[in-house]
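One structure is given here, and the rest of the page talks about it.
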Amino acid sequence: MRRRKKAQHNKMRYLIAKLNPRSPITEQYRTVRTNLQFSSVDQDLQTMLLTSAGPGEGKSMTSANLAVVYAQQGKKVLLIDADLRKPTIHYTFRLDNLRGLSNALVGNMSLQEIVSPSDVGNLDLISCGPIPPNPSELLGSKRMKELVREAKQAYDIIIFDTPPVLAVTDAQILANLCDGVVLVVRSKKTEFDAADKAIELLQSANAKILGTILNDRDKKEMNYYYYYGRD
Ligand SMILES: Nc1ncnc2c1ncn2[C@@H]1O[C@H](COP(=O)(O)OP(=O)(O)OP(=O)(O)O)[C@@H](O)[C@H]1O
Ligand SMILES: [Mg+2]
């Protein structure tokens with residue numbers, strides 16, 4: 001029973017871009033990567049944040065897969081778990097999470113001390129670290145700005161995974177530090193009004209919204225899209 005539960009958990013965090021780079025789903029992540037490059041032609045897109053209106057819409061899995069396809073393109077990538085409330089990057093990449101972002105924001109740890117290498121070439125990670133009691137305050141701190149500035153000197157692409165916009169202000173706070181924001185919308189789950197409200201909140205925080213990613217689209221529809229959307 002325990003083993004079955006564990007297997008289910010592993011399956012839930014299946015990182016397809018790493019494990020199956022040739023799958024049509026990974027191809028879709030590459031399409032997102034290309035579209036993001038097009039969406040920001042005038043400005044260099046070095047720091048981006050993924051968020052969604054509500055919980056469970058696929059922010060973390062999309063951030064992780066996107067980070068992998070950027071790394072596979074040869075870019076030096078840093079994926080940061082800035083969801084200090086419900087972190088998951090350490091599960092996805094099997095890190096112990098003994099140290100992470102919160103250690104650099106609360107304590108004196110340097111960027112180098114909190115970065116972990118991943119088993120994907122070119123991809124480094126910062127997990128959440130011990131969950132702090134005051135995430136919004138920490139993410140809005142001067143230290144956070146400093147860390148982003150330092151990270152920009154060492155990486156080509158920095159991706160932030162964040163909590164849902166309608167629940168807490170964390171994503172809005174971080175949006176201000178990023179070149180662009182991507183809203184993940186889950187097919188048949190996200191309400192139109194919720195997505196609309198999320199966009200409004202992000203815009204009020206001066207976020208540059210690059211676009212939305214439709215996650216978990218019906219497989220049949222996806223094949224259709226794949227077939228017709230590729231030439
Ligand atoms: N396209 C998909 N197909 C199947 N399962 C998916 C898909 N996208 C996400 N999931 C699953 O849905 C769950 C939620 O995904 P994920 O953790 O990425 O969402 P989230 O938006 O980061 O959630 P939270 O708000 O809790 O941080 C996970 O179990 C994940 O494996
Ligand atoms: Mg998440």
Item to complete: Against the globular-protein guess of 2.2 N^0.38 Å, express the Cα radius of gyration of region 83-162 as a ratio, rounded to two decimals.
Response: 1.02
Worksheet, complete the sentence: Label model pair residue 193, residue 37: point-to-point distance (7 angstrom along the Cα→beta-carbon line) in nm is 4.1
Discussion item. Taking just the alpha carbons, could you work out the radius of gyration and Dmax for region 80-231, both in angstroms?
Written reply: 16.9, 52
Worksheet item: Two-decimal Rg/Rh of region 1-139 from alpha-carbon positions, Kirkwood Rh?
Response: 0.97
Worksheet item: Can you pick out the pairs among 18/75; 188/219; 75/145; 59/188; 76/145 whose Cα atoms lie more than 18 Å from each other?
Response: 75/145; 76/145
Worksheet item: From a point 7 Å beyond the Cα of residue 76 in the direction of its Cβ, which residues of region 101-142 have a backbone N at a distance under 19 Å?
Response: 110-127
Item to complete: For the chain, set up a Gaussian network in which alpha carbons nearer than 10 Å are linked by springs, and say which option among 211, 54, 180 fluctuates the most.
Response: 211
Discussion item. Please list, by residue number, every one of the chymotrypsin sites (Phe, Trp or Tyr not before Pro) in region 10-41 that is coil in DSSP and has at most 15 other beta-carbon atoms within 10 Å.
Written reply: 14
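Tell me which trypsin sites (Lys or Arg not before Pro) from region 126-190 have a DSSP coil assignment and no more than 16 other beta carbons within 10 Å of their own.
For trypsin sites (Lys or Arg not before Pro) across region 126-190 that sit outside H, G, I, E and B with at most 16 neighbouring Cβ atoms in 10 Å, the list reads 188, 189.
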Discussion item. Within the chain, what whole-number % of the accessible surface is contributed by carbon and sulfur, with the 1.4 Å probe and all protein chains included in the calculation?
Written reply: 51
Worksheet, complete the sentence: Across 28, 112, 172, the residue with the highest GNM fluctuation in the chain (Cα network, 10 Å cutoff) is 112
Discussion item. Restricting to DSSP H runs of at least four residues, report the calculated mean residue ellipticity at 222 nm for the chain, -39500 (n - 2.57) per run over all residues, nearest 500 deg cm²/dmol.
Written reply: -13000 deg cm²/dmol
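In debye, nearest 20, what is the charge dipole magnitude of the chain about its Cα centre with +1 on Lys and Arg Cβ and -1 on Asp and Glu Cβ, if you could check? If you can, show how the numbers build up before the last one.
Numbers: 32 positive and 25 negative charges, 231 e Å.
Charge dipole of the chain: 1100 debye, to the nearest 20.
The values are calculated or read from the model by the stated rules, or taken from the named source; none is laboratory data. Source: prediction; values computed, not measured. Positions of Cβ are backbone-derived with ideal geometry, glycine not excepted, and every protein chain shown enters the neighbour counts. Note: accessible area is taken over every heavy atom of the protein model, side chains too, but ligands, DNA and RNA are not part of it. Shrake-Rupley method; radii C 1.70, N 1.55, O 1.52, S 1.80 Å.
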